[in-house]
1. Every other copy gets compared here: list the nm distances from the A:A583 label point (7 Å along Cα to Cβ) to its counterparts, shortest first, one decimal.
2. Working from Cα positions, state the angle (0 to 90°, nearest 10) between the long axis of helix A:665-681 and the longest principal axis of chain A.
3. How crowded by other chains is B:645-651, given as the mean number of beta carbons from other chains within 10 Å of each beta carbon?
4. In debye, nearest 20: dipole of the range A:480-592 around its Cα centre with unit charges on the Cβ of K, R (+) and D, E (-)?
5. Using the Cβ atoms and a cut-off under 13 Å, what net charge is assigned to the surroundings of B:L145, where Lys and Arg are +1 and Asp and Glu are -1?
6. Which distance in nm do the two modelled labels at B:D290 and A:K123 give, with both placed 7 Å along the Cα-to-Cβ direction?
7. Mind checking the dipole of the range B:598-711: about its Cα centre, +1 per Lys or Arg Cβ, -1 per Asp or Glu Cβ, Debye to the nearest 20?
8. Cα gyration tensor of chain B, axes a ≥ b ≥ c as square roots of the eigenvalues: rounded (a/c below 1.5), prolate (a/b > b/c) or oblate?
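Every number in this text was worked out from the coordinates using simple rules, so none of it is lab data. Since this is a predicted model, take the numbers as computed values, not measurements. Note: ideal-geometry Cβ built from the backbone for every residue, glycine included; neighbour counts use all protein chains shown.
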Number of protein chains: 2
Amino acid sequence: MLILGGILALKKLEKLLHPDSVAIIGASPDKKKVGYAVLRNMVYSGFKGRLYAINPKAAQYGEIEGVKVFTNISEIPDTIDLAVVCIPARFIPSLMDELGKKDVKYAAIITAGFKETGTEGAKLEQQIVDVANKYGIRIVGPNILGVIDTSAPMNASFAERSPIKGEIAFLSQSGALLTGILDWSRAEGIGYSSFVSLGNKADLDETDFIEALADDEHTLAILAYLESINRGKEFIEVCKEVTRRKPVIVIKSGRSEAGSKAASSHTGSMTGADTTYDVAFEKCGVIRADNAQELFDMAFAFSYMPIPKGNKIAIITNAGGPGILATDEAERNGLKLATLSSEFKEQLREFLPPAANFNNPIDALGTAQAEDYGRVIELALKEEEVDGVIVILTPQAMTEGQETADKIVEIRKKYPDKPVISIFIGGEILGPSIYFLKKHRIPCYPHPERGVKAMAALVEYARKREKPLDDDIPNLVRDKEKVRKIFDKVKSEKRFNLLGTEAIEVAVAYGIRTPPTRLARSKEEAGIFAEEIGFPIVMKITSPDIVHKTDIGGVKLGIQSKEEAINTYVEIIENAKKHHPNAQILAVDIQKMESVGRELIVGSMKDPQFGSLVMVGMGGVYANFFKDVAFGLAPLTKREAEKMLEQTKVYSLLKGVRGEKPSDIESVIDTLLRIALLVNDFHEIKELDINPFFVYEENQGISALDVKITLNKIE
Amino acid sequence: MLILGGILALKKLEKLLHPDSVAIIGASPDKKKVGYAVLRNMVYSGFKGRLYAINPKAAQYGEIEGVKVFTNISEIPDTIDLAVVCIPARFIPSLMDELGKKDVKYAAIITAGFKETGTEGAKLEQQIVDVANKYGIRIVGPNILGVIDTSAPMNASFAERSPIKGEIAFLSQSGALLTGILDWSRAEGIGYSSFVSLGNKADLDETDFIEALADDEHTLAILAYLESINRGKEFIEVCKEVTRRKPVIVIKSGRSEAGSKAASSHTGSMTGADTTYDVAFEKCGVIRADNAQELFDMAFAFSYMPIPKGNKIAIITNAGGPGILATDEAERNGLKLATLSSEFKEQLREFLPPAANFNNPIDALGTAQAEDYGRVIELALKEEEVDGVIVILTPQAMTEGQETADKIVEIRKKYPDKPVISIFIGGEILGPSIYFLKKHRIPCYPHPERGVKAMAALVEYARKREKPLDDDIPNLVRDKEKVRKIFDKVKSEKRFNLLGTEAIEVAVAYGIRTPPTRLARSKEEAGIFAEEIGFPIVMKITSPDIVHKTDIGGVKLGIQSKEEAINTYVEIIENAKKHHPNAQILAVDIQKMESVGRELIVGSMKDPQFGSLVMVGMGGVYANFFKDVAFGLAPLTKREAEKMLEQTKVYSLLKGVRGEKPSDIESVIDTLLRIALLVNDFHEIKELDINPFFVYEENQGISALDVKITLNKIE
């Protein structure tokens, strides 16, 4: 608890995770009912606060499991921090009113039958939220397994058993997965600080809990199983800050709602179903686990081990094969095998047999005793070059499993700043020492790859945590007013696709260089504008109804004279009419023909959860085949824009290869920042494409040849 | 055993894996010695044949563990099928002589201290092999844990325990990994038919054992941990045949010796360290596991389940979250969720609650009882559309773990042709039912992804097994004599790089279309040849010492007249002299300038294990950036060449996109076949590059503009 300005300021969700008083609404003596299970769990969890039961048959029951029963919450002669709700859904709206009057802070609504069942349920859920908002009650759920906190301690769930006490917080959008993981974890010896079922997330969601658990001293790592993220932007803001203090590891299932199905733009068609989540997680330092096995393998390492300084590891083994497997996996996961000093090797030679391998991975041979392991591990941890140690043991004739485990536990304590991960390949013989290691907080894995991946996760987190704090979002000069006016006009005409010249005007207002472009509405205008701009020019059909201009003969290049411009105007309009007899507007863009630069594609696409994605990558006719693109989330910092570009393969071309001069990378970065500002300033932009986008040699700038902007149909 | 032509023909390695009589050379009563451990294991393995011990102190010992001891193998009044050797390395050469005289068939040499220790050891190893070859003794090892066969039964190893009897054969190049896996498998309940330590593979290797185990009725799946493959071509031939009968799953560690480090060709620089193994495994139907966890997860499925007909699965769950995770993983691994018939859904509605999900993945809800599970599983197995079923269970309040496991075991027996994989997420509560499932031969996994991947492996094997038998290698018309002469000339001049015109002659001899090309050794010749060929022409410096021709001004395009050709000759030679004053030969290729086609790159590179890799992919200046290439192993069948091309992204361009005409794909395939024949006919070809390689529109053929061929330095 913090004392702020004289008032007692509670940590976020403090009275939910560590309540002083809890009332179970719908507590029951019937052992088959959820209302009994919750009460039993609360009683046996060791909860030290005040506990009350609510049931209309209070008079009949008197007490359940030693807990006094009241007919109604208003009767309780005490304040209530948390109400755990197990009564049928239809009674909950009026209950919320009672809770509000009693000034209850939190309601964990276990009951199902809401949004997950359809529109009727969704209505009921909204009703509950409305009442809760009125009184300022915060809701977990509905449709949850419950909330468990082992440091409180408190088990406000209907889970059959309690998790072991530990340092991992686990949030799950699937209650059933929680029950499975709980049961599995007890057998595996994995402990938890908090175990929270998020359910329908009618009010409190993953972002709230991540923020709260960041301040929970009992939690070393936050894990989450998520099917969706409710408030993408807040999620990013919160996680950005939290991941500097403790790791957040997420397994995200299902497909992104953004999807790539409905997209008509290039940017859209290049966005994979899950791109946004990957980009968002990267932006805020969240580690994404590919599957449940990996999630818990990582959690193990994070809750027991320090974060390494770098990616250089030493591998110590008593068998060559597993050492090679570990080395392969280390390379695959961006770990480096530390180069060991000659002093180190000399010291090894003093006690290891000459046939041993003194290079990394260090093979102490099958004859290695616990004493040998101890000395090698300690020497490795002392090496400055070594950021972390992986110990592999196979059960050979002379192997001392238990004694080796003892050594690991003992030495690890002397070097608290470097992680030690163990891989004991065995079961019957090595089983007891594996159990011992886990009990003494040494992560232990049955196969080389799993242990190495866990080490790699520690290193990945170190990298994410250490990366320089983002600079500010650059506040570049831009003409918002101008863009506002253009969009208003487009909307007033009930259009969603901007004309080419409109889109170019928007780009220009945001400082993005485009070739001089005019809209000709007659062949006469075509001639005049062409002369004004100067030859050679390009002419393109423009109509809100025509998307594929080239395919219908709507684009002509290299026009050299006024007369040619006039004739071309007539030809283009004829071609367009042939293919689109009902097109609303038909006019022709007259554009200065630019010299050819290296072709990129730049764009943006709106994501319902996280705001707007910005894209950059290789352009040209075959852009869609190679999909050499990278994404960021608007608004972008300069560093983020640079990183995006660096992720593409085309970046190495931009830097100049095979004797070519480098391209104007600065101008590309500048354009990305300007696009990010544009889509962030105007949320009505659904999609934006600049294709082709030419970048010229260093200091020669860029040119946005064709700009397409589509607005949302509904604001 | 097979009776062939009246003679009793033994199955391959029959008397090694199922010997009638075994002698342990170096058997010892000292419990700390390997010679004791092997004897003890043989005695307690239940071996039913005749067992003998050999020790110079026979008189003193008499019997060890009830086995009679002889001083020398020659004294044994019996034939010996297998000698298990545990005596020091230096005594083994003379021992081999004794074994030979006794007509022993097989020697399993457990002793270490050979090739793995350096040159001296390697010499000793060669000595042993020489003697063995003289007598026709086949050797396993040296440097092995031993050989175990649970159907014999026989445990000729010094492992501390015996594996459980089962249907998986496991070959390992690391003995220590075997001990770890053995210990781990006993705890996990995984059983083995054979357990073979390959050691130094001085004689018998993975290919021999895979061939032998293919005929072993007790083995349903062959697993191997390999660090190298000795006889690549034989491995491919054997596995091609074996994988049609049973799955071969390999985890290959370490990096390919081919490597990409030393390569100077384009093809070489695009070859990843492990490309050859991937290509070889694909060619012969071997499944590659990424890591040990996956290897055994797959093995579980293969030994207990039938191979499905297709990739359409049904997922049945009592919890949404794990169902989604399984669906995600299924999509990632090429499985399809079967579309379920309306009759099927109607039947589900009869007994599942209305809130259940009747589509795939079928969510029977947390209330699902064993009876419900049974009915859904049976209905799903009956559906024609469903090729296999995945059953997910989480331990919820009403869950009947054991009864559900009973149902799965019971129903699975009624539908022996479709695989059923179970995923029970739990440990303490579900533990007993998980144990029950495994005992009753139902693969069971703790996390959705592992179960789904195992199912995907069954489907992958089905695909590999079912693919049409390769056609014959096409025997295209070619002029081997011509090529032989060119290579002989090059070698006689102590060169390794062919001149451009020589390489072009080789290509022409193998029916690969190249532009007319002549070698001009003077400016006069340049003029004459240019006129003969006809303008425009291309002129290129040619010298065995110059690799990067363009960079030194050694290439000139679009020469239009005799005079220009003469001047250009002088200019090119001057440029070359400036950069390479010591170049051996300096001349200029005069080549007809071809019209520009779509640019591909085609090449070949020799691999020490598997023969020659053939490559095809996107060409052009940026080929190295996109590495859009695919590989095959020579010689190629037509189907293989087609498949290579189909694997590239550029293939979709060749088929014609955006209104372009399709390219002459047939001619590309033809070229690949011809290159494969060339490198297969002439093993001295180290590297071959055709770059650029133009392909024109359909029926317009190809043109190999520049051909580079490098020969091996030593034959």
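1. 5.5
2. Tilt relative to chain A: about 80 degrees.
3. Whole-number average of other-chain Cβ neighbours for B:645-651 is 1.
4. Dipole size: approximately 480 debye.
5. Spelling it out: positives minus negatives among the neighbours equals -1.
6. A separation of 4.8 nm, rounded to one decimal place.
7. Value, rounded to 20: 240 debye.
8. It comes out oblate by the Cα gyration axes.
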